[in-house]
Structure formats: C-alpha cells, structure tokens
C-alpha cells in the first residue's frame with residue numbers, strides 16, 4: 001500500500017491522475033493529511049467513492065501515544081509513540097517563551113553507539129518514514145492543542161543515516177500548503193556522518209546544522225563516539241567548513257561536558273584552536289544521567305572555567321538549559337520502549353513522576 005502522507009503534493013497529483021481525478025483533489029487531500037487526519041473518512045469534502053478507493057490503495061501513518069510524562073518543573077512533555085508495525089520511539093515537546101519546540105526521532109534505535117547516550121543501547125531496528133516523523137508533530141499538537149513552531153531532529157537515531165527520508169520530511173514539513181514550518185526554524189543534529197554532510201551542504205537548505213562533537217581530539221572522541229573511528233575530527237571539520245561555504249549558516253557544535261573525560265582546561269584550549277575562524281558556536285551540555293554509562297556531569301566550576309577559556313579565545317559559547325531532566329527527557333536520555341512497558345508505572349525509573 002502507498003504511504004500517502006510521505007508523498008509530496010506533486011507525487012500525490014500524479015497518483016490521483018492515475019485514478020482519473022482532477023489535480024485540485026490532491027491539494028484538498030494534502031491539506032487534510034497535514035492537518036493530521038487519521039482516516040480518509042475524516043476528509044469531508046472528498047466523495048465517498050474516492051475515500052473508499054484511497055482506503056484500498058493507501059494508508060495514513062499516525063503516531064499513537066502509548067505513554068506521556070510531564071515534567072513538574074518546566075512543562076516539558078516526553079512521549080512514547082507507537083506506529084502501525086508496533087515499533088516505538090520517544091520524542092519531547094518543550095515550551096519556550098517564543099513558542100513550542102518538538103525534538104523528534106528519525107530512527108527506531110540508533111547504529112552509532114555513542115557511549116553517553118541511551119538510545120543506542122537498545123540497538124537499531126529501522127528508519128522512520130517521512131510520514132512517521134510528521135505524525136510525531138501532529139500527535140503532539142493534537143494532544144496539547146498547540147502549534148509547534150520549531151523542530152529539532154535530535155531525538156532517537158542519526159538523521160543523516162536516514163538521509164533520503166529526512167530530506168523528504170524537511171520538504172514536506174516546510175511546504176506552505178502543509179505544516180509550513182520554515183527551514184530556519186529547524187535544527188538537524190549529526191554525530192558526524194561526513195559524506196552526508198557534504199550532500200546536505202550541496203542542497204543549500206537554510207536549516208541549522210548541529211554537530212555532536214563532544215571532544216577536541218580523536219583520542220577522546222573515538223573512545224566515546226565510535227563514528228569517529230570512521231571519520232576523524234579533521235575530516236569532520238573539513239566537511240563542516242564546506243557546509244559553511246555552501247550555506248553561510250552558522251554551525252552549532254554540541255559538547256557534552258563529562259567529568260574528568262573531556263572537561264579539562266587543556267581540552268578547552270584545544271577545542272578553541274580547532275574551531276578558530278569558523279562561523280560557529282559551542283553549546284555546552286552537562287552530560288545527563290544514563291544508567292550503565294558511569295559518566296557524571298562536570299562540576300559547575302569546571303563548566304565555568306571551560307566556558308571562559310572558549311570565550312577568551314573568541315568562540316561564542318552557551319550552556320544549554322536542561323529541560324525535562326525529572327522525566328528522563330534530556331539530551332541522550334531517549335530510549336526505545338515497548339507498548340507493554342508503557343502500561344507499567346515506573347518502567348523508566350521515573351520515581352516520583354506520575355504518568356499523565
């Protein structure tokens with residue numbers, strides 16, 4: 001069957017032409033799909049016969065909320081979603097003064113195996129389709145009765161490892177006849193899949209590229225991020241410079257601050273030297289607790305000293321505000337769950353947090 005919500009408007013027009021339908025029908029159906037309908041019967045301005053034909057040939061992907069946790073501190077919401085094949089992912093909805101930002105997943109699980117991240121511990125299962133990425137946003141909007149204005153592709157999975165589906169999703173979500181979320185309101189995070197950074201650069205999209213760097217040299221990075229054994233820091237930064245040349249868009253380098261691993265003054269000086277002259281900023285993230293890693297977040301004085309060294313070297317630096325830490329919704333804490341787990345209170349070590 002056809003995954004109809006993953007089709008562009010032009011592709012939808014072509015499919016309807018095969019059915020003998022006028023092209024304007026595609027626009028009507030496209031609008032319904034991107035408003036989040038879950039069945040063809042909800043398309044009230046489409047004839048019953050066409051709805052029945054669509055139902056025989058196509059399916060509408062949706063995300064079912066299996067579990068929802070709401071932070072007591074900042075109204076961050078973590079969702080466990082299931083899809084039509086029963087696979088599950090987590091995503092996070094965050095509220096800021098400028099509106100709502102959704103951190104969505106692009107894969108079920110992850111291949112990359114970063115040692116400070118919970119997602120890869122459950123292994124990799126499959127890529128998400130463009131429609132399943134859209135469905136996460138639509139389910140969150142319907143559940144909270146809000147409009148999402150910003151998207152970060154920083155949930156489960158490596159977006160550039162699911163390149164074609166992610167690019168199609170970006171085209172769909174930014175379509176002015178769909179959800180109409182502009183590229184400048186979208187951030188894509190990668191751990192450093194170098195060939196795909198070049199491909200992304202050539203598309204000249206106006207999104208924000210976030211690179212999970214987390215170390216100033218290959219020795220440290222290869223221990224914590226296996227991807228670095230394939231593409232080292234020099235190769236990665238060369239790709240980033242090409243991206244800057246092609247897009248003129250500032251790159252955000254994500255840097256998880258891990259106590260006694262990558263947070264020394266020497267690390268800060270080496271990082272500043274590597275990034276000197278680049279249109280970039282560093283986002284320091286106190287590493288979040290993940291069972292089984294043994295990592296601890298850097299002490300506050302280490303964080304300040306590291307930040308000061310970067311700033312004195314002319315590097316723009318911010319310290320990421322931690323949201324949803326009481327519900328394990330912060331960076332690196334998303335993991336693949338199961339529908340059966342969703343029925344058990346405390347399945348994710350959520351002591352003191354009520355399922356809502």
Fill in the blank from the handout: Output for Cβ contacts, cut-off 9 Å, separation at least six or different chains, first residue assigned by TED's automatic domain parsing to the domain that holds residue 176 in the range 17-44, second at pLDDT below 95, reads none
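If I filter the range 239-261 down to residues being in a helix (DSSP H, G or I) and out of contact with any helix residue (DSSP H, G or I) (no Cβ under 8 Å at 6 or more places or on another chain), which single residue comes out as farthest from residue 217 (Cα to Cα)? Walk me through how you get there before you give the answer.
So in the range 239-261, the residues in a helix (DSSP H, G or I) come out as 239-247.
Narrowing further to those that are out of contact with any helix residue (DSSP H, G or I) (no Cβ under 8 Å at 6 or more places or on another chain): 241, 244.
Working: 241: 17, 244: 21 Å.
The residue in question is 244.
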Exercise for the section: Would you mind finding the one in 79, 96 that is assigned by TED's automatic domain parsing to the domain that holds residue 156 and loosely packed, with under 13 Cβ neighbours inside 10 Å? Expected result: 96
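Here is a list: 86, 109, 113. Which entry is within 25 Å of residue 197 (Cβ to Cβ) and surrounded by fewer than 17 Cβ atoms within 10 Å (Cβ to Cβ)? Don't jump to the end; show me each part of the working.
Values: 86 fails: within 25 Å of residue 197 (Cβ to Cβ); 109 fails: surrounded by fewer than 17 Cβ atoms within 10 Å (Cβ to Cβ).
Going through 86, 109, 113 in turn, the sole match is 113.
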Handout entry: Flag if residue 322 is buried (at least 16 other Cβ atoms within 10 Å of the Cβ), over 28 Å from residue 183 (Cα atoms) and modelled with pLDDT under 95
Key = no
Exercise for the section: Output yes when any residue across the range 198-208 is touching a helix residue (DSSP H, G or I) at 6+ places or on another chain (Cβ under 7 Å), surrounded by fewer than 19 Cβ atoms within 10 Å (Cβ to Cβ), under 24 Å from residue 94 (Cα atoms) and touching a residue at least 24 places away in the same chain (Cβ under 8 Å), and no when none is. Expected result: yes
Practice task
Looking only at the range 253-264, decide whether some residue is more than 30 Å from residue 27 (Cα to Cα), touching a residue at least 12 places away in the same chain (Cβ under 8 Å), touching a strand residue (DSSP E or B) at 6+ places or on another chain (Cβ under 8 Å) and surrounded by fewer than 18 Cβ atoms within 10 Å (Cβ to Cβ).
Solution key: yes
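Test residue 31 against the criterion of being under 27 Å from residue 89 (Cα atoms) and surrounded by 14 or more Cβ atoms within 10 Å (Cβ to Cβ), and give yes or no.
On the way: under 27 Å from residue 89 (Cα atoms): yes; surrounded by 14 or more Cβ atoms within 10 Å (Cβ to Cβ): yes.
Yes; evaluated as a whole, the condition is true for this residue.
The values are calculated or read from the model by the stated rules, or taken from the named source; none is laboratory data. Here the structure is a predicted model, which is why all the values come from computation and not from measurement. Cβ: placed from backbone, ideal geometry, glycine included. Neighbour counts: every protein chain shown.
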